[in-house]
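Student: Quick one: the structure is below, and I'll ask about it shortly.
The values are calculated or read from the model by the stated rules, or taken from the named source; none is laboratory data. Quick caveat, the model's predicted, so the values are computed rather than measured. Here the Cβ is made from the backbone with ideal geometry for all residues, glycine too, and neighbour counts use every protein chain on show. The protein model used for the area step is the full one, side chains on, heavy atoms only, and it has no ligands, DNA or RNA in it. Shrake-Rupley method; radii C 1.70, N 1.55, O 1.52, S 1.80 Å.
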Amino acid sequence: MHKVIFDTDPGVDDAMALLFLARHPEIDLIGITTAFGNASIETTTRNAQYLKQQWGISAPIAKGAAEQYEPGRATHPFPAYIHGDDGLGNIGVPDVVDVPLDPRSAHQFIIDSIKANPGEIVLVAVGRMTNLANALKAAPEITGLVKEVIIMGGAIDVPGNVTPAAEANIHGDPEAADAVMIAPWKVVVVGLDVTLKTTMTRQTMAELARKGGKDVELLDRLSQFYIDFYKGQVRDSMVVHDTCACVYLVARELFTTRSGVVRVLTTGIGEGMTVQKPEGMTFGKSEWDGLPSQLVCTDVDAAGAMKLVEETLVRQ
(Lines give C-alpha, C1' and ligand atoms only; values in the text may rest on other atoms or scores of the structure.)
Protein backbone atom coordinates (compact mmCIF):
# COMPACT_ATOMS: atom_id res chain seq x y z
CA MET A 1 0.00 0.00 0.00
CA HIS A 2 1.18 3.51 -0.84
CA LYS A 3 0.50 5.99 1.97
CA VAL A 4 -0.37 9.24 0.20
CA ILE A 5 -0.87 12.86 1.17
CA PHE A 6 -2.61 14.61 -1.72
CA ASP A 7 -1.72 18.29 -2.04
CA THR A 8 -4.36 19.74 -4.33
CA ASP A 9 -6.29 22.81 -5.51
CA PRO A 10 -9.67 21.41 -6.65
CA GLY A 11 -10.16 22.10 -9.63
CA VAL A 12 -11.80 19.70 -12.06
CA ASP A 13 -8.80 17.55 -12.95
CA ASP A 14 -7.92 17.51 -9.24
CA ALA A 15 -11.35 16.01 -8.56
CA MET A 16 -10.70 13.12 -10.94
CA ALA A 17 -7.30 12.55 -9.34
CA LEU A 18 -8.87 12.53 -5.87
CA LEU A 19 -11.43 9.91 -6.87
CA PHE A 20 -8.66 7.82 -8.46
CA LEU A 21 -6.63 7.95 -5.24
CA ALA A 22 -9.67 7.10 -3.12
CA ARG A 23 -10.62 4.11 -5.27
CA HIS A 24 -7.31 2.53 -6.22
CA PRO A 25 -6.77 -0.64 -4.15
CA GLU A 26 -3.03 -0.03 -3.63
CA ILE A 27 -3.40 3.50 -2.25
CA ASP A 28 -4.03 4.51 1.36
CA LEU A 29 -5.05 8.17 1.21
CA ILE A 30 -4.10 9.47 4.64
CA GLY A 31 -4.54 13.20 4.10
CA ILE A 32 -5.63 15.98 1.77
CA THR A 33 -3.88 19.35 1.93
CA THR A 34 -5.29 22.25 -0.01
CA ALA A 35 -3.49 24.79 -2.14
CA PHE A 36 -4.64 27.90 -3.95
CA GLY A 37 -4.32 28.05 -7.72
CA ASN A 38 -7.36 26.91 -9.66
CA ALA A 39 -9.29 29.13 -7.25
CA SER A 40 -8.69 30.91 -3.93
CA ILE A 41 -7.67 28.87 -0.90
CA GLU A 42 -11.15 29.36 0.57
CA THR A 43 -12.76 27.94 -2.57
CA THR A 44 -10.36 25.03 -3.10
CA THR A 45 -10.65 24.04 0.56
CA ARG A 46 -14.46 24.20 0.36
CA ASN A 47 -14.29 22.07 -2.79
CA ALA A 48 -12.12 19.47 -1.04
CA GLN A 49 -14.65 19.37 1.80
CA TYR A 50 -17.49 18.96 -0.69
CA LEU A 51 -15.81 16.10 -2.57
CA LYS A 52 -14.86 14.39 0.70
CA GLN A 53 -18.49 14.62 1.80
CA GLN A 54 -20.00 13.48 -1.50
CA TRP A 55 -17.56 10.61 -2.03
CA GLY A 56 -17.35 9.39 1.56
CA ILE A 57 -13.60 9.90 1.83
CA SER A 58 -12.22 9.44 5.33
CA ALA A 59 -8.90 11.27 4.92
CA PRO A 60 -8.63 14.52 6.91
CA ILE A 61 -8.30 17.87 5.14
CA ALA A 62 -5.78 20.53 6.20
CA LYS A 63 -6.07 24.03 4.75
CA GLY A 64 -3.02 25.41 3.01
CA ALA A 65 -1.36 28.78 2.58
CA ALA A 66 -3.27 31.65 1.00
CA GLU A 67 -0.24 33.34 -0.54
CA GLN A 68 2.97 32.42 -2.32
CA TYR A 69 6.13 31.18 -0.68
CA GLU A 70 7.88 34.50 -1.22
CA PRO A 71 5.87 37.19 0.60
CA GLY A 72 4.75 40.06 -1.56
CA ARG A 73 5.08 38.27 -4.89
CA ALA A 74 2.50 39.47 -7.43
CA THR A 75 -0.39 37.05 -7.79
CA HIS A 76 -1.93 35.75 -11.00
CA PRO A 77 -5.70 35.72 -11.62
CA PHE A 78 -7.52 32.49 -10.81
CA PRO A 79 -8.59 30.63 -14.00
CA ALA A 80 -12.38 30.69 -13.61
CA TYR A 81 -12.65 30.35 -17.40
CA ILE A 82 -11.15 26.86 -17.08
CA HIS A 83 -12.64 25.48 -13.86
CA GLY A 84 -15.68 27.72 -13.39
CA ASP A 85 -16.43 30.36 -10.79
CA ASP A 86 -16.86 27.67 -8.13
CA GLY A 87 -13.74 25.76 -9.21
CA LEU A 88 -15.80 22.66 -9.98
CA GLY A 89 -17.38 23.44 -13.32
CA ASN A 90 -20.16 25.74 -12.02
CA ILE A 91 -22.21 22.86 -10.68
CA GLY A 92 -23.49 24.89 -7.75
CA VAL A 93 -21.31 23.77 -4.85
CA PRO A 94 -22.78 25.10 -1.58
CA ASP A 95 -21.03 28.14 -0.14
CA VAL A 96 -20.51 26.29 3.14
CA VAL A 97 -19.88 22.56 3.50
CA ASP A 98 -20.22 21.10 6.99
CA VAL A 99 -17.06 18.99 6.99
CA PRO A 100 -14.49 19.74 9.72
CA LEU A 101 -10.92 20.65 8.88
CA ASP A 102 -7.81 19.40 10.64
CA PRO A 103 -6.71 22.15 13.05
CA ARG A 104 -3.17 22.16 11.68
CA SER A 105 -1.97 24.12 8.69
CA ALA A 106 -1.30 22.08 5.57
CA HIS A 107 2.46 22.32 5.91
CA GLN A 108 2.35 21.28 9.57
CA PHE A 109 0.07 18.35 8.71
CA ILE A 110 2.64 17.27 6.10
CA ILE A 111 5.51 17.54 8.59
CA ASP A 112 3.70 15.67 11.36
CA SER A 113 2.51 12.89 9.04
CA ILE A 114 5.96 12.30 7.57
CA LYS A 115 7.57 12.18 11.01
CA ALA A 116 4.91 9.76 12.25
CA ASN A 117 5.44 7.48 9.24
CA PRO A 118 9.17 7.65 8.40
CA GLY A 119 10.02 6.27 4.98
CA GLU A 120 6.39 5.60 4.10
CA ILE A 121 4.71 8.81 2.91
CA VAL A 122 4.42 9.75 -0.76
CA LEU A 123 3.49 13.38 -1.39
CA VAL A 124 1.42 13.72 -4.55
CA ALA A 125 1.26 17.44 -5.27
CA VAL A 126 -0.85 18.66 -8.19
CA GLY A 127 -1.10 22.41 -7.56
CA ARG A 128 1.33 25.16 -6.64
CA MET A 129 4.15 23.84 -4.49
CA THR A 130 3.65 26.39 -1.70
CA ASN A 131 2.69 23.93 1.05
CA LEU A 132 5.62 21.65 0.29
CA ALA A 133 8.08 24.55 0.29
CA ASN A 134 6.67 25.82 3.59
CA ALA A 135 7.07 22.34 5.08
CA LEU A 136 10.69 22.21 3.88
CA LYS A 137 11.43 25.60 5.39
CA ALA A 138 9.90 24.71 8.76
CA ALA A 139 11.36 21.19 8.99
CA PRO A 140 14.13 20.50 6.46
CA GLU A 141 14.75 17.14 8.09
CA ILE A 142 11.65 15.71 6.42
CA THR A 143 13.66 15.26 3.22
CA GLY A 144 15.29 12.23 4.81
CA LEU A 145 11.99 10.82 6.04
CA VAL A 146 9.66 11.10 3.05
CA LYS A 147 9.47 8.20 0.61
CA GLU A 148 8.87 10.17 -2.59
CA VAL A 149 7.44 13.39 -3.98
CA ILE A 150 5.42 13.21 -7.20
CA ILE A 151 4.39 16.53 -8.69
CA MET A 152 2.14 17.46 -11.57
CA GLY A 153 3.83 20.50 -12.97
CA GLY A 154 6.40 21.81 -15.36
CA ALA A 155 7.17 21.55 -19.04
CA ILE A 156 10.64 20.28 -19.84
CA ASP A 157 10.82 19.59 -23.59
CA VAL A 158 7.51 21.21 -24.61
CA PRO A 159 6.08 24.76 -24.31
CA GLY A 160 4.20 25.85 -21.22
CA ASN A 161 0.46 26.38 -21.00
CA VAL A 162 0.28 29.82 -19.36
CA THR A 163 3.30 31.32 -21.13
CA PRO A 164 5.53 29.82 -23.83
CA ALA A 165 7.98 29.06 -21.03
CA ALA A 166 5.86 27.99 -18.07
CA GLU A 167 3.26 25.50 -16.89
CA ALA A 168 0.55 26.87 -14.61
CA ASN A 169 1.39 25.17 -11.30
CA ILE A 170 5.04 26.17 -11.48
CA HIS A 171 4.32 29.66 -12.80
CA GLY A 172 1.94 30.28 -9.89
CA ASP A 173 4.72 30.01 -7.28
CA PRO A 174 8.11 29.54 -8.95
CA GLU A 175 10.21 30.11 -5.81
CA ALA A 176 8.29 27.33 -4.05
CA ALA A 177 8.73 25.00 -7.01
CA ASP A 178 12.48 25.65 -7.17
CA ALA A 179 12.81 24.95 -3.44
CA VAL A 180 11.03 21.62 -3.93
CA MET A 181 13.16 20.65 -6.94
CA ILE A 182 16.53 21.30 -5.29
CA ALA A 183 15.77 19.74 -1.91
CA PRO A 184 17.55 16.46 -1.14
CA TRP A 185 14.55 14.21 -1.53
CA LYS A 186 13.32 12.11 -4.43
CA VAL A 187 11.15 14.14 -6.80
CA VAL A 188 9.36 12.90 -9.91
CA VAL A 189 8.12 15.60 -12.28
CA VAL A 190 5.00 14.62 -14.23
CA GLY A 191 4.61 17.60 -16.51
CA LEU A 192 3.04 18.68 -19.76
CA ASP A 193 5.48 16.46 -21.68
CA VAL A 194 3.25 13.53 -20.71
CA THR A 195 -0.01 14.93 -19.33
CA LEU A 196 -1.04 16.50 -22.64
CA LYS A 197 -1.05 12.99 -24.08
CA THR A 198 -3.58 11.67 -21.53
CA THR A 199 -7.10 12.70 -22.48
CA MET A 200 -10.63 11.50 -21.77
CA THR A 201 -13.49 12.07 -24.17
CA ARG A 202 -16.89 13.34 -23.15
CA GLN A 203 -18.39 10.07 -24.38
CA THR A 204 -16.01 7.95 -22.28
CA MET A 205 -16.78 10.07 -19.22
CA ALA A 206 -20.50 9.51 -19.76
CA GLU A 207 -19.99 5.76 -20.13
CA LEU A 208 -17.98 5.66 -16.91
CA ALA A 209 -20.76 7.56 -15.14
CA ARG A 210 -23.25 4.92 -16.19
CA LYS A 211 -21.00 2.17 -14.83
CA GLY A 212 -19.62 3.89 -11.77
CA GLY A 213 -22.70 5.10 -9.95
CA LYS A 214 -23.40 8.44 -8.31
CA ASP A 215 -19.75 9.22 -7.51
CA VAL A 216 -18.70 9.07 -11.14
CA GLU A 217 -21.94 10.78 -12.18
CA LEU A 218 -20.82 13.76 -10.08
CA LEU A 219 -17.39 13.66 -11.71
CA ASP A 220 -19.04 13.60 -15.14
CA ARG A 221 -21.23 16.57 -14.26
CA LEU A 222 -18.42 18.76 -12.93
CA SER A 223 -16.21 17.88 -15.92
CA GLN A 224 -18.48 19.33 -18.62
CA PHE A 225 -17.31 22.95 -18.23
CA TYR A 226 -13.68 21.77 -18.35
CA ILE A 227 -14.29 19.73 -21.50
CA ASP A 228 -15.86 22.78 -23.13
CA PHE A 229 -12.72 24.78 -22.29
CA TYR A 230 -10.56 22.30 -24.18
CA LYS A 231 -12.47 22.73 -27.45
CA GLY A 232 -9.95 23.51 -30.15
CA GLN A 233 -7.14 21.76 -28.27
CA VAL A 234 -8.46 18.21 -28.00
CA ARG A 235 -11.63 17.01 -29.69
CA ASP A 236 -14.59 16.86 -27.26
CA SER A 237 -12.20 15.73 -24.52
CA MET A 238 -10.32 16.93 -21.46
CA VAL A 239 -6.68 16.58 -20.49
CA VAL A 240 -6.33 14.66 -17.22
CA HIS A 241 -3.18 16.39 -15.97
CA ASP A 242 -3.43 15.63 -12.25
CA THR A 243 -4.60 12.02 -12.54
CA CYS A 244 -1.54 11.32 -14.68
CA ALA A 245 0.66 11.98 -11.64
CA CYS A 246 -1.42 9.51 -9.63
CA VAL A 247 -1.05 6.88 -12.34
CA TYR A 248 2.74 7.21 -12.09
CA LEU A 249 2.54 6.21 -8.43
CA VAL A 250 1.03 2.80 -9.18
CA ALA A 251 2.12 2.13 -12.78
CA ARG A 252 5.47 3.78 -13.35
CA GLU A 253 6.31 1.20 -16.00
CA LEU A 254 4.00 3.19 -18.31
CA PHE A 255 6.38 6.18 -18.18
CA THR A 256 9.75 7.04 -19.68
CA THR A 257 11.89 9.14 -17.38
CA ARG A 258 15.14 11.08 -17.51
CA SER A 259 17.40 12.03 -14.61
CA GLY A 260 19.09 15.35 -13.96
CA VAL A 261 19.09 18.42 -11.76
CA VAL A 262 15.94 20.54 -12.23
CA ARG A 263 15.77 24.28 -11.60
CA VAL A 264 12.91 26.75 -11.93
CA LEU A 265 13.44 30.24 -13.34
CA THR A 266 11.91 32.82 -11.04
CA THR A 267 12.26 36.13 -12.91
CA GLY A 268 11.96 37.64 -16.38
CA ILE A 269 10.03 36.39 -19.38
CA GLY A 270 11.04 32.83 -18.51
CA GLU A 271 9.43 33.01 -15.06
CA GLY A 272 8.20 29.56 -14.07
CA MET A 273 10.22 27.70 -16.69
CA THR A 274 11.48 24.26 -15.60
CA VAL A 275 14.96 23.42 -16.88
CA GLN A 276 16.71 20.08 -16.48
CA LYS A 277 20.49 19.81 -16.63
CA PRO A 278 21.25 16.65 -18.64
CA GLU A 279 22.83 13.98 -16.47
CA GLY A 280 26.56 13.75 -17.07
CA MET A 281 26.92 17.02 -18.97
CA THR A 282 29.42 19.48 -17.57
CA PHE A 283 29.29 23.23 -17.78
CA GLY A 284 31.20 26.01 -16.11
CA LYS A 285 30.37 26.78 -12.53
CA SER A 286 26.60 27.30 -12.30
CA GLU A 287 23.55 27.32 -10.05
CA TRP A 288 22.97 23.67 -10.97
CA ASP A 289 26.13 22.46 -9.23
CA GLY A 290 25.98 20.16 -6.21
CA LEU A 291 22.23 19.62 -6.34
CA PRO A 292 20.35 16.31 -6.38
CA SER A 293 19.21 14.80 -9.67
CA GLN A 294 15.46 14.38 -10.05
CA LEU A 295 13.36 12.37 -12.48
CA VAL A 296 11.25 14.01 -15.16
CA CYS A 297 8.73 12.09 -17.23
CA THR A 298 9.37 12.50 -20.94
CA ASP A 299 6.86 10.03 -22.42
CA VAL A 300 3.90 7.89 -21.41
CA ASP A 301 1.91 4.93 -22.70
CA ALA A 302 -1.21 7.09 -22.86
CA ALA A 303 -3.55 4.24 -23.80
CA GLY A 304 -2.32 2.13 -20.89
CA ALA A 305 -2.58 5.05 -18.49
CA MET A 306 -6.13 5.89 -19.49
CA LYS A 307 -7.19 2.25 -19.32
CA LEU A 308 -6.01 2.18 -15.71
CA VAL A 309 -7.80 5.45 -14.94
CA GLU A 310 -11.08 4.20 -16.40
CA GLU A 311 -10.88 0.87 -14.55
CA THR A 312 -10.10 2.58 -11.26
CA LEU A 313 -12.82 5.23 -11.44
CA VAL A 314 -15.58 2.63 -11.85
CA ARG A 315 -14.18 0.33 -9.19
CA GLN A 316 -16.74 -0.10 -6.41
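Student: HN-Hα J couplings of the range 57-67 from phi, Karplus 6.51/-1.76/1.60, θ = phi - 60°, integer Hz, Gly and Pro as x?
Tutor: For the range 57-67, the Karplus curve yields 7, 8, 4, x, 10, 10, 6, x, 5, 9, 9 Hz.
Student: Quick check on the chain: take the gyration tensor over C-alpha atoms, sort the square-rooted eigenvalues as a ≥ b ≥ c, and tell me if it's rounded (a/c under 1.5), prolate or oblate. Could the numbers behind the result be given before it?
Tutor: Working: a/c = 1.44, a/b = 1.28, b/c = 1.12.
Rounded is the answer for the chain, as its axis ratio a/c remains below 1.5.
Student: Using a simple spin-label model with points 7 Å from Cα along the Cα→Cβ vector, what separation in nm is obtained for LEU101 and GLU271?
Tutor: Computed distance between label sites LEU101 and GLU271 equals 2.7 nm.
Student: Would you mind pulling out the separation of the Cα centroids of the range 176-201 and the range 16-30, in Å?
Tutor: Using only Cα atoms to place each centre, the spacing works out to 19 Å.
Student: Give the angle, between 0 and 90 degrees and rounded to the nearest 10, that separates the Cα long axis of helix 302-313 from the longest principal axis of the Cα atoms of the chain.
Tutor: The angle comes out near 50 degrees.
Student: May I ask you to order 289-299, 9-19 by the average number of other C-beta atoms within 10 Å around their residues, highest value first? Please report the intermediate quantities before stating the final value.
Tutor: Numbers: 289-299: 17.4, 9-19: 28.5.
Ranked by mean Cβ neighbours within 10 Å, highest first: 9-19, 289-299.
Student: With a 1.4 Å probe and all protein chains left in place, how much of the accessible area of the chain comes from carbon and sulfur atoms, in whole percent? Spell out each step's value before the answer.
Tutor: Working: 6620 of 12590 Å².
With neighbouring chains kept in place, the figure for the chain is 53 percent.
Student: Full extension from LYS115 to THR256: what is 0.36 nm times the residue separation minus their Cα-Cα distance, to one decimal in nm?
Tutor: Working: separation 141, 0.36 × 141 = 50.76 nm, distance 3.12 nm.
Gain on stretching LYS115 to THR256: 47.6 nm.
Student: With charges set only on the Cβ (+1 for Lys and Arg, -1 for Asp and Glu), what does the dipole of the range 92-177 come to about its Cα centre, in debye to the nearest 20?
Tutor: On the way: 5 positive and 11 negative charges, 36 e Å.
Dipole of the range 92-177, to the nearest 20 debye: 180 debye.
Student: I would also like to ask the following. Measure up LYS197/LYS277; LYS3/LYS277; LYS52/LYS137; LYS115/LYS137 against 19 Å on the Cα-Cα distance and list the ones that go over. Mind dumping the intermediate values first?
Tutor: Numbers: LYS197/LYS277 24 Å; LYS3/LYS277 31 Å; LYS52/LYS137 29 Å; LYS115/LYS137 15 Å.
Violating the 19 Å limit, Cα to Cα: LYS197/LYS277; LYS3/LYS277; LYS52/LYS137.
Student: Given Cβ point charges of +1 (Lys, Arg) and -1 (Asp, Glu) and nothing else, what value in debye, to the nearest 20, does the dipole of the range 54-101 about its Cα centre take? All intermediate terms of the calculation are to be shown ahead of the outcome.
Tutor: Details: 2 positive and 6 negative charges, 31 e Å.
Using only the charged Cβ atoms, the result is roughly 140 debye.
Student: Would you work out the charge dipole size for the chain about its Cα centre, treating the Cβ of every Lys and Arg as +1 and the Cβ of every Asp and Glu as -1, and quote it to the nearest 20 debye?
Tutor: Working: 27 positive and 40 negative charges, 71 e Å.
Dipole magnitude for the chain comes out near 340 debye.
Student: Let me check I've understood the local charge: for GLY191, count other residues with C-beta under 11 angstrom from its C-beta, Lys and Arg +1, Asp and Glu -1. What total comes out?
Tutor: On the way: positive: none; negative: ASP157, GLU167, ASP193.
Around GLY191, the charge tally is -3.
Student: Check the straight Cα-Cα distances from LYS63 and name the aspartates and glutamates below 12 Å, setting aside those fewer than 8 residues away within the same chain.
Tutor: Cross-link targets: ASP7, ASP9, GLU42, ASP102.
Student: Same structure again: Provide the net charge surrounding SER259, with neighbours chosen by a C-beta distance below 12 Å and charges set as Lys +1, Arg +1, Asp -1, Glu -1. Can you show the working numbers first?
Tutor: Numbers: positive: LYS186, ARG258, LYS277; negative: GLU279.
So the environment of SER259 carries a net charge of +2.
Student: Can you work out the accessible area per residue across the chain, with the rest of the protein chains kept in place, probe 1.4 Å, in square angstrom?
Tutor: Details: 12590 Å² over 316 residues.
Using a 1.4 Å probe on heavy atoms only, each residue of the chain averages 40 Å².
Student: Hey, rough spin-label estimate for THR201 and VAL158, points 7 angstrom out along Cα→Cβ, what's it come to in nanometres?
Tutor: Going by the 7 Å Cα→Cβ label model, 2.0 nm.
Student: To the nearest 0.05, what FRET efficiency results for LYS307 and SER40 with a Förster distance of 45 Å applied to their C-beta separation?
Tutor: On the way: r = 35 Å, r/R0 = 0.79.
Efficiency for this residue pair is about 0.80.
Student: Name the residues whose placed amide hydrogens come within less than 5 Å of the amide hydrogen of ILE150, ignoring near sequence neighbours (fewer than 5 apart) on the same chain.
Tutor: For ILE150, whose amide H was placed from the backbone, the distant partners under 5 Å are LEU123, VAL124, ALA125, VAL188.
Student: Now a separate question. In degrees between 0 and 90, to the nearest 10, how far off the longest principal axis of the chain does helix 241-250 point, with axes built from Cα atoms?
Tutor: 80 degrees
Student: Residue-wise, which Karplus ³J(HN,Hα) couplings in Hz belong to the range 287-293, taking 6.51 cos²θ - 1.76 cosθ + 1.60, θ = phi - 60°, and x for glycine or proline?
Tutor: Once rounded to whole Hz, the list reads 6, 9, 6, x, 9, x, 6.
Student: What net charge is computed for the residues neighbouring SER293, neighbours being all others with C-beta under 10 Å from the C-beta of SER293, Lys and Arg scored +1, Asp and Glu -1? Before the final figure, lay out the partial values.
Tutor: Working: positive: LYS186, ARG258, LYS277; negative: GLU279.
Around SER293, the charge tally is +2.
Student: Whose amide H sits under 5 Å from the amide H of THR198, counting only residues 5 or more places off or on another chain, with H placed in the peptide plane?
Tutor: For THR198, the qualifying residues are VAL240.
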